Amino acid sequence: MRLLLASGSPRRLELLARIGVVPNKVIPANIDETPLNGETPRELAKRLCLAKGKAADLGDHDLALTADTVVGLGRRILGKPEDQAEARKFLEMLSGRAHRVWTGVALTLVDGSQVHRVVETRLHFKRLTDLEIDSYIASDDWRGKAGGYGIQGMAEMFVSKLSGSYSNVMGLPLHETYKLLSGVGYQVLRND
């Protein structure tokens, strides 16, 4: 089966490689990712992964893999910060508190049918000092990352507790992705 990864995230490509999946092509699906009024973080992750699948141009591919990761503090959605001030605000909000990360993963087949999963991971950040926040902001590791942090970088030292999938927080829950791919007949494991 020919697999299209409809995501521009280099982390998703790296994560897929960890389980031996190399997409035949990578073409990001372009959609409006603005949350709807009253939409919860979980609902947003689900809606966006499915919408990206519908927007993906399969061409000569058999299926498209799409995903969207959303950081939520209660019902509040913490998107990708637009600047240092917003990244600082997000880190101050997360400091000393628990929050959740949801990733919606979808496979869209040639006939338009879709299968999906929404995976939740709970995290707790230590209470952050001004120096820790300043250093993280200066690292630029927050750029382009939901919630203003990337767990696979410097921010990992802020996580005092994690319950659920680590790869989910990076942007693609590998266990569920493997199950979805296998479920539609995509051969992930090979013995050749």
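The numbers here are math on the coordinates, done by the rules we state, and not lab data. Keep in mind the model is a prediction, meaning the values are calculated, not measured. Counting neighbours? That spans all protein chains shown, and the Cβs are built from the backbone with ideal geometry, glycine included.
Among the residues of the stretch 126-148, those identified as closer than 23 Å to residue 172 by Cβ and surrounded by fewer than 20 Cβ atoms within 10 Å (Cβ to Cβ) are 139, 140, 141, 143, 144. The residue that is nearest to the chain's Cα centre (by Cα), among those in the stretch 10-29 that are among the basic types (Lys, Arg) and farther than 11 Å from residue 67 by Cβ, is 18. Free of Cβ contacts under 8 Å to residues at least 24 places away in the same chain and either in contact with a Lys or Arg (Cβ under 8 Å, 6 or more places away or on another chain) or not β-branched (Val, Ile, Thr) (or both): does that describe residue 92? Judged against the criteria, residue 92 is not a match.
Only residues that are more than 22 Å from residue 166 (Cα to Cα), touching a residue at least 12 places away in the same chain (Cβ under 8 Å), assigned to a loop (DSSP other than H, G, I, E, B) and among the polar types (S, T, N, Q) were counted across the stretch 102-153, and they come to 0. Of the residues in the stretch 163-186, at least one is part of a strand (DSSP E or B) and out of contact with any helix residue (DSSP H, G or I) (no Cβ under 6 Å at 6 or more places or on another chain). Among the residues making up the stretch 159-192, those that are of a type in the set (S, T, N, Q) and surrounded by 13 or more Cβ atoms within 10 Å (Cβ to Cβ) are 165, 167, 168, 177.
Given the criteria in contact with a helix residue (DSSP H, G or I) (Cβ under 9 Å, 6 or more places away or on another chain) and either surrounded by 14 or more Cβ atoms within 10 Å (Cβ to Cβ) or among the basic types (Lys, Arg) (or both), does residue 46 qualify? I'd like the intermediate steps shown before the answer.
Values: in contact with a helix residue (DSSP H, G or I) (Cβ under 9 Å, 6 or more places away or on another chain): no; either surrounded by 14 or more Cβ atoms within 10 Å (Cβ to Cβ) or among the basic types (Lys, Arg) (or both): yes.
No.
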